[in-house]
Amino acid sequence: MNRLFKTLLRGLLIAGLLGAAGASQAQRISQLPSEFADWDAFVEAQLKLWNVPGVSMAIVKDGKVILQRGYGLRDAEKKLPMTENTVQPIASVTKSFTVASLATLVRDGKIEWDKPVRDYLPDFRMNSDYATNTLTVRDLVTHRSGLPRHDAAWFGSTASREELFKRLRHFELSAEPRARFQYNNFMYMPAGYLGGRVAGTDWETLVRRSVFDPLGMKSSSFTIADLRKQPDHATGYQLDDNDLPKPKPYQELVAMGPTGSINSSARDMAQYLLMYAAGGSYGGKPLINAGDLRAMSTGQFTLPDSQLWPEISSPQYGMGLFMRNYRGERLVEHGGNMPGASTTFAFIPGKNMGVYATVNVSGSFLRDVIMYAAIDRLLGMKPVDWSARFRDIYVKGKESEKSAKAQKLSPKKLGTRPSVALDEYVGDYEHEGYGPIAITREGNRLRVSYNGMSTPLDHLHYDVWQAPEDKLNELEETRVQFMINFDGDIDSLRTEFEPAVKPIVFKRLPDKTFKDPKFLAQFAGQYKISVSEFNVVLRADGVLTLVGRTGAPRELIGIRGRKFSVKDQAGVQVEFVPDASGKITQMAIYSSGNAAVATRTQ
């Protein structure tokens, strides 16, 4: 699985930056409980242990913000301090905002959780009729649609929200609706799209009106462009292969906004926390119905229990929020990960307490260390050493990778070579849902470019190529397999972009020359084999057709060079053959391995 999905899945990535100093002045709204006497020293020590540049956080209790502050650096190169006002992406914590905004529409009688999506979006289509007709609004926000992640289809894509919405029908399901929990970013997009359509606006306006404005979240926004306009905003980081931090630009998620595009500060998120901790009310006024908040924060789907640690049990998913039993209390939380940022948001229903924390590095365990440390102290319990537990996971994970390399363990088949010349792989390929992907040549390597990301490919074995290991590359270790048809031509490639379904197949597109009418016009004419006559005609719409003495015209679909396949005739191709002067004088006809030549008569 490549770097993109390791980041989105919050794999064993540990962020780092040496010398994370320069904490801002603490902002305490009320006196910290005695259990937090060591808090500043604890956080500073964790920054050094995990080599993280900076963290911003908010802690609330009993209807008050007891701490909102930044530690370390929001920009290590410029030595700018992290503060409680530093704006960073909150990534998938955005999902709870999408559900909360939908809940305001439920409150106002405009939607119902258990009505089919098509009642509100008649043009909604999935990959199966059953899913299309039966998926409800609740199904979209509980990860039980039957659709696996398919994250590569949207990450970095320039497609609009409407275009991605229309592509949903082309993504293979891996389960029947409501049969299995599968964390899925994609379905939050139509959920937010639905909310915007019902409200007569868009998702962004709905969230701003229904959540941001009532809570006074003035520094929160929806795009990375808006984040950069804030004078106090963070820079994202990612560790390279040597565990050295490198700046990692935040990724725009405009089209997929409802799943993870919100940016916010600890100061703003403290107000969001207060609303949840108070049971859905803010300033004494209900923002969302208590019943909807209970639906968000109680199990809609029971998850497998890994039973790794005695303090944690009974994991479940509500609507936009996870929950579990933690040391005898029900902990409701959600994390967020994107390149350059890791975030967590958590509260305990009925206890009026919660914590928000965000670090400006990809996939860092530090966000979780801070969350559990704060919850332990809020509950007045002796803190569990979560940092040591997570460090153990990280260290052993790295040791395992080193051991495999030392033993030279690899799935590579030695002594193999590509089936065709390297230039034969070069071209453009496309999948109806995933969009276009391009292959170019660089010396003895190939290069794959997809959704604004690009990486070299080294030959692995046979017709399989693989991107090199590189922690800064979202396409790290991506494998590409080229598929050869019966005629020896590369007609498609496939990737493992979504491991829950069969490899994603991208069909090869004709060379761009096949769109040039001048290029196609040279093939138009009459060809003859004995008494068999063939007319090649260039239609007004730029499509070349083949017409025999009988039967309807057949479209010719460009392959490469001067070779075409005959539409709806499996195994039949034609190739136009020039003489020494370059003039087309013959048409070769290939059928199931046999060949014949028709001579041009005019």
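Overview of results
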{"read-out": "Odd one out for V505, checked against (1) surrounded by fewer than 16 Cβ atoms within 10 Å (Cβ to Cβ); (2) under 19 Å from A596 (Cα atoms); (3) aliphatic (A, V, I, L, M)", "value": "(2)"}
{"read-out": "Residues of segment 192-237 satisfying the condition of being out of contact with any His (no Cβ under 8 Å at 6 or more places or on another chain) and of a type in the set (A, V, I, L, M)", "value": "L194, V198, A199, L206, V207, V211, L215, M217, I224, A225, A234"}
{"read-out": "Count - residues of segment 144-156 that are farther than 14 Å from G260 by Cβ and in a loop (DSSP other than H, G, I, E, B)", "value": "6"}
{"read-out": "Residue list for segment 62-87, restricted to those being touching a helix residue (DSSP H, G or I) at 6+ places or on another chain (Cβ under 9 Å), crowded, with 18+ Cβ neighbours inside 10 Å and acidic (D, E)", "value": "E84"}
{"read-out": "Unique residue being loosely packed, with under 15 Cβ neighbours inside 10 Å and part of a strand (DSSP E or B) when the list is D491, D458", "value": "D458"}
{"read-out": "Positions within segment 406-438 being of a type outside the set (V, I, T), touching a residue at least 60 places away in the same chain (Cβ under 8 Å) and outside any loop (DSSP other than H, G, I, E, B), in sequence order", "value": "E424, Y425, G427, D428, Y429, E430, H431, G435, P436"}
{"read-out": "Filter result for F482 (loosely packed, with under 14 Cβ neighbours inside 10 Å and in contact with a Ser or Thr (Cβ under 9 Å, 6 or more places away or on another chain))", "value": "no"}
{"read-out": "Residue match in segment 70-90 (condition: touching an Asp or Glu at 6+ places or on another chain (Cβ under 9 Å) and either under 18 Å from M296 (Cβ atoms) or not assigned by TED's automatic domain parsing to the domain that holds P214 (or both))", "value": "no"}
{"read-out": "Qualifying positions in segment 515-569 - more than 19 Å from D428 (Cα to Cα), assigned to a strand (DSSP E or B) and hydroxyl-bearing (S, T, Y)", "value": "Y527, S532, T545"}
{"read-out": "Selection count where residues are at pLDDT below 90 and outside any strand (DSSP E or B), scope segment 570-595", "value": "4"}
{"read-out": "Pairs, first within 15 Å of A524 (Cβ to Cβ) in segment 574-601, second acidic (D, E) and surrounded by 10 or more Cβ atoms within 10 Å (Cβ to Cβ), C-beta under 7 Å, six or more apart", "value": "T585/D579"}
{"read-out": "Number of the condition not met by S403 [criteria: (1) assigned to a helix (DSSP H, G or I); (2) touching a residue at least 24 places away in the same chain (Cβ under 8 Å)]", "value": "(2)"}
{"read-out": "Tally, over segment 225-242, of residues that are closer than 24 Å to W50 by Cα and either part of a loop (DSSP other than H, G, I, E, B) or not polar (S, T, N, Q) (or both)", "value": "10"}
{"read-out": "Residue match in segment 186-203 (condition: closer than 24 Å to P503 by Cβ and not in a helix (DSSP H, G or I))", "value": "yes"}
{"read-out": "Segment 511-532, residues that are under 30 Å from D463 (Cα atoms) and surrounded by fewer than 16 Cβ atoms within 10 Å (Cβ to Cβ)", "value": "K512, T513, K515"}
{"read-out": "Criterion: touching a residue at least 12 places away in the same chain (Cβ under 8 Å), within 22 Å of G336 (Cβ to Cβ), assigned by TED's automatic domain parsing to the domain that holds Q251 and not polar (S, T, N, Q) - qualifying residue of R125, R149", "value": "R149"}
{"read-out": "Options L379, L321: the member that is crowded, with 24+ Cβ neighbours inside 10 Å and over 22 Å from A234 (Cβ atoms)", "value": "L321"}
{"read-out": "Any hit, segment 291-298, residues being assigned by TED's automatic domain parsing to the domain that holds S101 and over 29 Å from the mean Cα position of the chain (by Cα)", "value": "yes"}
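The values are calculated or read from the model by the stated rules, or taken from the named source; none is laboratory data. Source: prediction; values computed, not measured. Neighbour counts are summed over all protein chains in view; Cβ atoms, including those assigned to glycine, are modelled from backbone coordinates with ideal geometry.
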